[in-house]
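Take a look at the structure set out below.
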Amino acid sequence: MSESIIKKTVRSFRKMKQNGEKIVMITAYDAPTAAFAEAAGIDFILVGDSLSMNTLGYADTIPATMDVMVHHAQCVRRGAPNTFIVGDMPFMTCHLGVENTLREAARFMQEAGCDAIKLECTPSTLPAVRALVEAGIPVQGHIGLLPQSVKTSGGYRVQGRGEEEAAELIARAKELEDAGVFSMVLECVPSELAAKITAAVGVPTIGIGAGPDCDGQVQVISDLLGYTEGFLPKHARRFCHVGTVAQDAIAAYIAEVKGKTFPAPENSF
Ligand code: KIV
């Protein structure tokens, strides 16, 4: 951990938008990965509920519970003590009443030391966003594709393609800004619409599959590092192939043990 890293604040992100400096966010679910991200100079880390697929092995984000999210947020905080960390509100935590949302969000702040929370926003979650901000909890909105709702929306598809859907998303973004979010994620939205939303709101937009004109970008760490060589969403890029490196290393270890060349004398007492 570098002593020179200064943790950013919600004001830093707004200033970066004003100065045209791109904001870079990444997901992390464990301490070592969070430490890598901090050392690399990431602007902020999202403990996304995508951990359900990427770390826990489920098919979607639905099984991630608040207890699991808090546990992983604690790991990420330990790995990246000087980075702004956002805890992702999991399935149903924003649909059982505002009081429940406040209680669950407070766990990210008090038990895991998060700096903010993110929630997938529908019109019905606006009262919760207002109440969280009022309570002193910075909120990052999330609009466009909402993975927690794919069972009702019918799958992972680009949002806001038609005029009506686009107008609705712009209106939703403005409502969120009015409700006090410090930033918002735009997921799987046409680039042109994302640019319009970015110009229409004063808070930073962070895109994933939303083109180059958002104020920042977020990517899922497992995609970026190439944990698997399987399906990769169109919006993602593998910057390296950790999965292949790891598999080759494990295969080499197996071969050395079977071939009786490991442990060598220098590995023995
Ligand atoms: O959980 C997650 O990783 C997310 C990002 C896709 C923004 O919500």
Requested in this report: Looking at (1) free of Cβ contacts under 8 Å to residues at least 60 places away in the same chain; (2) open to solvent by 30 Å² or more (accessible area, probe 1.4 Å); (3) within 25 Å of I197 (Cβ to Cβ), find the lone condition where P138 falls short.
Outcome: (1)
Report task. Report yes if some residue within the range 47-58 is at pLDDT 95 or above and away from the ligand (no atom under 16 Å from the Cβ); otherwise report no. Result -> no
Report task. Scan G79, G57 and give me the residue that is more than 15 Å from the chain's Cα centre (by Cα) and surrounded by fewer than 19 Cβ atoms within 10 Å (Cβ to Cβ). Result -> G57
Query raised in the report: Of all the residues that make up the range 222-237, how many are near the ligand (Cβ under 10 Å from one of its atoms) and open to solvent by 20 Å² or more (accessible area, probe 1.4 Å)?
Result: 3
Requested in this report: Inspect all residues belonging to the range 204-221 and state whether any of them is open to solvent by 60 Å² or more (accessible area, probe 1.4 Å), hydrophobic (A, V, I, L, M, F, W, C) and part of a loop (DSSP other than H, G, I, E, B).
Outcome: no
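Among the residues of the range 176-191, is there at least one that is of a type in the set (F, W, Y) and modelled with pLDDT of 95 or more?
yes
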Report summary line: The one condition G57 fails out of (1) out of contact with any Leu (no Cβ under 7 Å at 6 or more places or on another chain); (2) free of Cβ contacts under 8 Å to residues at least 60 places away in the same chain; (3) on the phi < 0 side of the Ramachandran plot; (4) not polar (S, T, N, Q) is (3)
Query raised in the report: Just checking, which of A200, A179, A166 is open to solvent by less than 30 Å² (accessible area, probe 1.4 Å) and within 28 Å of I85 (Cβ to Cβ)?
Result: A179
Query raised in the report: Hey, any hits in the range 220-238 for a residue that's at positive phi and outside the structural domain of S12 (by TED's automatic domain parsing)?
Result: no
Query raised in the report: Which residue pairs have Cβ atoms under 7 Å apart, sit 6 or more places apart or on different chains, and have a first residue in the range 183-195 that is closer than 17 Å to K118 by Cβ and a second that is assigned to a helix (DSSP H, G or I)?
Result: S183/F13; M184/A173; M184/L176; L186/A194; L186/I197; V189/L169
Query raised in the report: Is at least one residue of the range 90-106 buried (at least 21 other Cβ atoms within 10 Å of the Cβ) and in contact with a strand residue (DSSP E or B) (Cβ under 6 Å, 6 or more places away or on another chain)?
Result: yes
Query raised in the report: If you go through the range 10-54, how many residues are charged (D, E, K, R), under 13 Å from G216 (Cα atoms) and without any contact (Cβ under 8 Å) to a residue 60 or more places away in the chain?
Result: 2
Query raised in the report: So which of T101, T83 ends up being over 29 Å from I5 (Cα atoms) and more than 15 Å from the ligand (Cβ to nearest atom)?
Result: T101
Query - Single condition F231 does not satisfy, out of (1) hydrophobic (A, V, I, L, M, F, W, C); (2) modelled with pLDDT of 95 or more; (3) under 22 Å from the mean Cα position of the chain (by Cα) - result: (2)
Report task. May I ask you to list pairs of residues, at least six apart or on different chains, whose Cβ atoms are under 8 Å apart, with the first in the range 245-265 being at negative phi and surrounded by 11 or more Cβ atoms within 10 Å (Cβ to Cβ) and the second being modelled with pLDDT of 95 or more and of a type in the set (D, E, K, R)? Result -> F262/E256
Report task. Filter the range 107-119 for residues that are within 15 Å of the ligand (Cβ to nearest atom) and either more than 29 Å from E165 (Cα to Cα) or open to solvent by 40 Å² or more (accessible area, probe 1.4 Å) (or both) and give the result. Result -> F108, C114
Report task. Select the helices (runs of 4 or more DSSP H) contained entirely in the range 120-189, then report the ones holding at least 1 residues which are closer than 22 Å to N100 by Cα, of a type in the set (V, I, T) and away from the ligand (no atom under 12 Å from the Cβ). Result -> 126-134
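The values are calculated or read from the model by the stated rules, or taken from the named source; none is laboratory data. Just so it is clear, the structure is predicted and the values come from calculations on it, not from any experiment. Glycine gets a Cβ as well: all are built from the backbone with ideal geometry, and neighbour counts include every protein chain shown. Just so you know, the surface numbers come from the protein's heavy atoms only, side chains and all, with ligands and any DNA or RNA stripped out. Shrake-Rupley method; radii C 1.70, N 1.55, O 1.52, S 1.80 Å.
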